[in-house]
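Peer 1: Handing you a structure now.
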Amino acid sequence: MKKIIKIILLILLIVSCNPESQSKQLIYKNIVIISDMSSRLDNKPSKDIDEIHKLIQYFKTECVKPGEKVGDKSSISFSLFSEKVLASIDVDKIKNLGEKQRFINSTGEYKSKGLLQEIDNFENMVKKTYANTRNQGLDLISILIDKIENQQITKEDTYLTDGIDTTFIKYENHIYIFTDGYLEYKNKERNSQFYFGSSEIDKIRQFCKVNKVDVAKALETNNSLCLPPTKNKKNQHIFLHVLETHERDKNEKSQSYKHTMALRDNEILRAVWQKWALESGFKEFEWKKY
């Protein structure tokens with residue numbers, strides 16, 4: 001009996017001496033900017049560069065926070081639908097903490113090639129690209145699907161452990177698409193799967209009028225009016241933002257619309273994109289007009 005009591009006491013002593021494991025979660029941003037360089041840029045004065053500048057400043061002041069934050073793992077990249085990544089800043093690529101902080105704060109060996117210089121390089125690449133690049137309409141949805149599936153533009157959650165404590169690293173993947181919202185490209189007759197232009201918009205408009213339903217109900221009722229959803233397990237970790245969308249049925253001089261409210265181009269495009277995004281499993285969807 002005494003031996004049993006001694007064994008129990010010994011076990012309790014060992015357990016009490018073991019440190020209690022702790023866990024924490026750290027969240028970082030992965031900002032992905034993809035621009036549509038089609039004729040939309042010549043239809044209206046482009047605001048893209050100013051909006052991209054805001055995203056870059058957000059990355060600097062709210063994500064990386066030079067002089068304030070230690071050990072950041074955030075990243076930002078810029079590409080075109082027609083190109084792979086043209087500019088990128090990935091703080092997580094520097095693994096040594098001391099070196100990482102010198103890069104972030106632009107000190108030591110990174111005094112003239114740290115974060116501040118990289119941000120300047122990034123913005124200059126954006127401006128140069130917008131000044132020199134134009135292309136014909138592209139199949140944006142198909143290209144976006146390919147970028148997500150095959151070009152590793154998103155980051156996956158991970159964790160670090162020392163055997164006792166665990167740190168969970170979580171990435172918020174934000175994809176910002178700069179486009180007018182119209183999905184028009186050449187050779188529609190060969191592949192119209194993700195084509196959505198003026199005639200497709202008008203089909204929805206006429207369906208709503210004939211059946212006396214709103215756009216959401218029309219899309220729910222008739223799948224032929226919708227874009228086909230594309231499932232991907234990566235989508236559930238992506239916040240999808242579609243920015244600078246246009247309204248072709250708006251007269252800028254008179255500030256009047258060709259169609260009634262709730263049946264205007266931009267409203268229909270938003271509903272179509274949103275249904276596709278949510279049914280494709282994206283975490284969140286945002287739509288902004290020009």
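Peer 1: Being touching a residue at least 60 places away in the same chain (Cβ under 8 Å) and among the aromatic types (F, W, Y) is the filter here, so list the residues in the stretch 241-286 that pass it.
Peer 2: W273, W276
Peer 1: Additional query: Does S106 satisfy the condition of being without any contact (Cβ under 8 Å) to a residue 40 or more places away in the chain and more than 30 Å from S46 (Cα to Cα)?
Peer 2: Answer is no for this residue.
Peer 1: I've got another one for you. Going by the structure shown, is S75 assigned by TED's automatic domain parsing to the domain that holds E172, closer than 28 Å to Q25 by Cβ, crowded, with 18+ Cβ neighbours inside 10 Å and at pLDDT 95 or above?
Peer 2: Judged against the criteria, S75 is a match.
Peer 1: Sort through T167, T154, T161, T245 and tell me the only one that's modelled with pLDDT under 95, touching a strand residue (DSSP E or B) at 6+ places or on another chain (Cβ under 6 Å) and β-branched (V, I, T).
Peer 2: T167
Peer 1: Then there is this: Test K54 against the criterion of being among the basic types (K, R), within 20 Å of L240 (Cα to Cα) and touching a helix residue (DSSP H, G or I) at 6+ places or on another chain (Cβ under 9 Å), and give yes or no.
Peer 2: Judged against the criteria, K54 is not a match.
Peer 1: Would the stretch 95-106 turn up any residue that is acidic (D, E), at pLDDT 95 or above, surrounded by fewer than 14 Cβ atoms within 10 Å (Cβ to Cβ) and more than 24 Å from F239 (Cα to Cα)?
Peer 2: Looking for residues that are acidic (D, E), at pLDDT 95 or above, surrounded by fewer than 14 Cβ atoms within 10 Å (Cβ to Cβ) and more than 24 Å from F239 (Cα to Cα), one finds at least one in the stretch 95-106, hence yes.
Peer 1: Right, another one. Surrounded by fewer than 16 Cβ atoms within 10 Å (Cβ to Cβ), more than 14 Å from R270 (Cβ to Cβ) and under 26 Å from the mean Cα position of the chain (by Cα): is that true of Q236 in this structure?
Peer 2: Judged against the criteria, Q236 is a match.
The values are calculated or read from the model by the stated rules, or taken from the named source; none is laboratory data. Treat the numbers as computed from the prediction; the structure is a model and nothing was measured. Because the Cβ atoms are built from the backbone with ideal geometry, glycine has one as well, and the counts that use them run over all protein chains shown.
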